[in-house]
Amino acid sequence: MKKILALIIGVLLIYLVYYLQKPYVYSSVDPISEINPLILVNSENAFPDNVNLNLVSFDGYQVADTIYNDLVDMYNAALDDNVTLKINNAYRSKDEQTQIFESKMKAYENEGYTKEKAYEQTKLTVQVPGYSEHETGLAIDFSSEGHYDENEKMWKWLKNNAYKYGFILRYPEDKYEITKIDYEPWHYRYVGKKAAKDITNKNLTLEEYLGGNV
Ligand SMILES: [Zn+2]
């Protein structure tokens, strides 16, 4: 009898430990956003104001509902490989982008740059409001600030696996001439599974992929 009781308690304890370690389970959503996952937003193509976006919350950040289910699957798959995908940035409204742009520009002006020079300098690291992929709700920055090892692990996992869930490394190395943005190992963009697979396997950028597919 004692043995059986011990066994039951043992099983319960194991279950409890397992349960406590289990991350929050996300339930799936039915997307209603009217955004094309292949939309091109870059320094020459603004994000149109009339796209109806439905934002949902994931891990404290807002994303377009279109990417939610695949993002959850990716997050869980990474966890299974002992990698926690930490989000540092996701959806940003045009107003927020404007604030970021203006404060950076002000900082340059305070350093003595003319308005024109400050604008040009800011453009090198911050997208002009209306032209940031973060406004689409389809882009996510994965990084854990100040944790180099964690970031390396995360970025390596993403590079190898993100396409399976519809995400691409949006600004790869050696593609500056095309994307006009330096290598960003943390910035991933949702394009859907088929395009993500093609883009990743052929080592393309979204610009190249659309150029050959439109
Ligand atoms: Zn980003």
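Please treat every number below as a calculation from the coordinates, not as lab data. Predicted model, so just to flag it, every value in this text is computed and none were measured. Methodologically, a virtual Cβ is constructed for each residue, glycine included, from the backbone with ideal geometry; neighbour enumeration extends over all protein chains shown.
Just to be sure I follow the definition: excluding the sites themselves, where is the longest run in the chain that has none of the GluC sites (Glu not before Pro) in a DSSP loop with at most 10 other Cβ atoms within 10 Å? Before the final figure, lay out the partial values.
Working: sites that count: 44, 111, 145, 173.
After excluding every exposed loop site, the longest remaining stretch is 45-110.
Could you put 40, 85 in order, starting from the residue whose Cβ has the fewest other Cβ atoms within 10 Å?
Details: 40 16, 85 21.
Taking fewest neighbouring Cβ atoms as first place, the list is 40, 85.
In which sequence would 93, 143 go, from the one with the fewest C-beta neighbours within 10 Å to the one with the most? Mind showing how you got there, number by number?
On the way: 93 16, 143 19.
Fewest to most other Cβ atoms nearby, the residues stand as 93, 143.
So what's the back-of-envelope 222 nm ellipticity for the chain, counting only DSSP H runs of four-plus at -39500 (n - 2.57) apiece and dividing by all residues, rounded to 500? Could the numbers behind the result be given before it?
Working: 8 runs with 97 residues, N = 214.
Rounded to the nearest 500, it is -14000 deg cm²/dmol.
In straight Cα distance, which lysines are under 17 Å from residue 202, not counting same-chain residues fewer than 8 positions off?
159, 164, 175, 193, 194
Among 40, 98, 77, which residue has its Cα furthest toward the positive end of the charge dipole of the range 1-107, with +1 on Lys/Arg Cβ and -1 on Asp/Glu Cβ?
Most positive-ward Cα: 77.
Below 8 Å between Cα atoms, with a sequence gap of 6+, how large is the relative contact order for the range 106-214 in percent? It would help to have the intermediate numbers written out before the result.
Numbers: 114 pairs, mean separation 23.9, N = 109.
Relative contact order for the range 106-214 comes out at 22 percent.
So for 183, 163, fewest C-beta neighbours within 10 Å to most, what's the order? Walk me through the numbers before you get to the answer.
Numbers: 183 14, 163 23.
Fewest-to-most ranking of 183, 163: 183, 163.
At what distance in angstrom do the alpha carbon centres of the range 24-52 and the range 170-192 lie from each other?
18
What whole-number volume per residue, in cubic angstrom, does the convex hull of the C-alpha atoms of the range 62-193 give? Could you put the intermediate results ahead of the total?
Details: hull volume 15.5 nm³, N = 132.
Convex hull volume per residue, Cα atoms: 117 Å³.
Using the Cα atoms of the range 31-130 to build a convex hull, what is its mean projected area in square nanometres? Display every interim value, and only then the final one.
Working: hull surface 32.5 nm².
The orientation-averaged projected area of the Cα hull of the range 31-130 comes to 8.1 nm².
Is the range 126-173 best put as rounded, prolate or oblate by its Cα gyration tensor, with a ≥ b ≥ c the root eigenvalues, rounded for a/c under 1.5, and otherwise prolate when a/b is larger than b/c, oblate when not? Please list the in-between numbers first.
Details: a/c = 2.39, a/b = 1.40, b/c = 1.71.
Since a/c reaches 1.5 but b/c is at least a/b, the shape of the range 126-173 is classed as oblate.
In debye, nearest 20, what is the charge dipole magnitude of the chain about its Cα centre with +1 on Lys and Arg Cβ and -1 on Asp and Glu Cβ, if you could check?
Values: 23 positive and 32 negative charges, 187 e Å.
With Lys and Arg at +1 and Asp and Glu at -1, about 900 debye.
Straight-line reach only, C-alpha to C-alpha below 23 angstrom: list the lysines that residue 2 could link to, leaving out same-chain residues fewer than 8 apart.
Partners within reach: none.
When only C-alpha pairs under 8 Å and at least 6 residues apart count, what is the relative contact order of the range 78-159, in percent?
On the way: 84 pairs, mean separation 36.6, N = 82.
That works out to 45 percent.
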